[in-house]
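Participant: Have a look at the structure that comes next, please.
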Amino acid sequence: MNPLKSITGTIISGIILSVIIIFALGTRGSFNPWEFWVWVHVLVGITWIGLLYYFNFVQVPAVANAVAEADSGGPGAAAINKYVAPRALLWFRWAAVATWLTGALALEAMHTADGSGFVAAFTFQEGYRVIGMGAWLGTIMLFNVWVLIWPNQKKILGMVQATPEQIAKGKVVALMASRTNTLLSIPMILGMTGHMHGMPF
């Protein structure tokens, strides 16, 4: 049985390979919650931001092309809107939640002083300003996913009743929120990487 024939088998195999590599390279002898939560945070974050970039760089232009060619016998946007977009949006919105939650757990795990790493980051305490900036941007992005993008995508895809005017407005709001998230993702990722490695300049 080939595990690569299913996405579940592929993911489980990746986790098993990671565990083998951990033991092959030598364990530290105790559980490291900071690394565990950062690892999971990065995995789900790649899923979230990868889908964000897919929507902005691939799907939106592809749907625009499909709509433009529909009058000349092209396929239109129906296949993408019916089969691809709902599944991609499911993974997108729940990966956003998982990214935020695992990021919060990583902040707690990295904090060695009294108090909360989550609070230290979100209040920009000394040593937490860079990661705090990233955490705030990620929080704004999560808000955009659930409050602006998803409710309007449901209108656009016909998952809820909406007038043509509501759909037209929903397209603008969803696109602008998605583009805002793409913009914010660039400094947000800087905050994630710059915390441990320092700023580029």
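The values are calculated or read from the model by the stated rules, or taken from the named source; none is laboratory data. Nothing here was measured: the structure is a model prediction, and the numbers come from that model. Here Cβ is always computed from backbone atoms with ideal geometry, including for glycine, and neighbour counts include all displayed protein chains.
Participant: Cβ-Cβ distance below 9 Å, separation of 6 or more or different chains: which pairs start in segment 141-166 with a residue that is at pLDDT below 95 and end on one that is acidic (Asp, Glu) and surrounded by 14 or more Cβ atoms within 10 Å (Cβ to Cβ)?
Facilitator: none
Participant: Return the residues of segment 40-84 that are of a type in the set (Ser, Thr, Tyr) and in contact (Cβ under 8 Å) with a residue 60 or more places away in the chain; say none if nothing qualifies.
Facilitator: Once the filter is applied, which keeps residues that are of a type in the set (Ser, Thr, Tyr) and in contact (Cβ under 8 Å) with a residue 60 or more places away in the chain, segment 40-84 yields only TYR53.
Participant: When you check ARG87 against the structure, is it farther than 18 Å from ASN56 by Cβ, among the basic types (Lys, Arg) and free of Cβ contacts under 8 Å to residues at least 12 places away in the same chain, yes or no?
Facilitator: The answer is no for ARG87.
Participant: Got a number for residues in segment 26-66 being surrounded by fewer than 13 Cβ atoms within 10 Å (Cβ to Cβ), modelled with pLDDT under 90 and in a helix (DSSP H, G or I)?
Facilitator: Adding up the residues that qualify gives 2.
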